[in-house]
C-alpha cells in the first residue's frame, strides 16, 4: 500500500504544498512543532533515508535549502533546523523547523494544526519562494 505521503503526492489525500518538482515535494506537516514546520519528501517512495540514491538526496537537500530560505524570510527564526526521524511514516522525509533554540526541535511540542492555518502558512512560504525566484513553489 502506498504511504500517506505518496497518497498526498498523487492527490489521493489533501496536502498543503510549498514546493513540487519531478523529484521532490515540500508540504506543511499536519502536526507542526512550530509554525512553518515543513517536510521535504522524495516523490519516489523510499523507506530509509540512508537508502536514498545520492542524486536524489542531493536534490532533497537543495530543495530543503531553498525552502529554509523562504522560512527565514517569513518567520525570521535564529535558524532553520533539519531533522530526519523516520519513525512515523515509512517514506523518507526531512523536517524543516524554524527555530530560536535547540529545544524547539522537540517532537513532544507537536500540535495538530487546522487546515486553514496550514493553507495560510503554505501560501506565505510559496510567495516567499516566488520572491526568491523559485518557480517550483507548488
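Each reported figure results from applying straightforward, stated rules to the coordinates on display, with no laboratory input. None of these values were measured; they are calculated from a predicted model. Here the Cβ positions follow ideal geometry from the backbone for every residue, glycine too, while neighbour counts run over all protein chains shown.
If R₀ is 22 angstrom, what is the calculated FRET efficiency for the pair residue 22 and residue 65, using the beta carbon separation as r and rounding to 0.05?
Numbers: r = 18 Å, r/R0 = 0.82.
Computed FRET efficiency for residue 22 and residue 65: 0.75.
Under the rule a/c < 1.5 gives rounded, and otherwise a/b versus b/c splits prolate from oblate, where does the chain land using the Cα gyration tensor?
Working: a/c = 1.29, a/b = 1.19, b/c = 1.08.
The shape class here is rounded.
From the convex hull of the Cα coordinates of the range 63-122, what is the mean projected area in square nanometres?
Values: hull surface 18.7 nm².
The orientation-averaged projected area of the Cα hull of the range 63-122 comes to 4.7 nm².
Based on DSSP H runs of at least 4 residues, each adding -39500 (n - 2.57), what is the mean residue ellipticity at 222 nm of the chain after dividing by all its residues, to the nearest 500 deg cm²/dmol?
Values: 3 runs with 45 residues, N = 138.
Rounded to the nearest 500, it is -10500 deg cm²/dmol.
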Which residue fluctuates most in the GNM of the chain (Cα springs below 10 Å): 14, 77, 90?
14
Simple spin-label estimate for residue 120 and residue 79 in nanometres, 7 Å along Cα-Cβ:
2.9 nm
Taking one equal scatterer on every alpha-carbon of the range 1-73, how large is log10 of I(q)/I(0) by Debye at q = 0.24 1/Å?
-1.21
Assuming 0.36 nm per residue, please report the length gained on full extension of the stretch residue 132 to residue 109 beyond their Cα-Cα distance.
5.3 nm
Using the count of nearby Cβ atoms within 10 Å as a rough guide to exposure, how do 35, 92 rank from fewest to most?
35, 92
Could you put 108, 115 in order, starting from the residue whose Cβ has the fewest other Cβ atoms within 10 Å?
108, 115
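Which of 37, 91, 48 comes first, and how do the rest follow, when ranked by fewest Cβ neighbours within 10 Å?
Working: 37 25, 91 22, 48 11.
Ranked by crowding around the Cβ, least crowded first: 48, 91, 37.
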Within the range 75-117, whose backbone N sits under 14 Å from a point 7 Å along Cα→Cβ of residue 1?
89-90
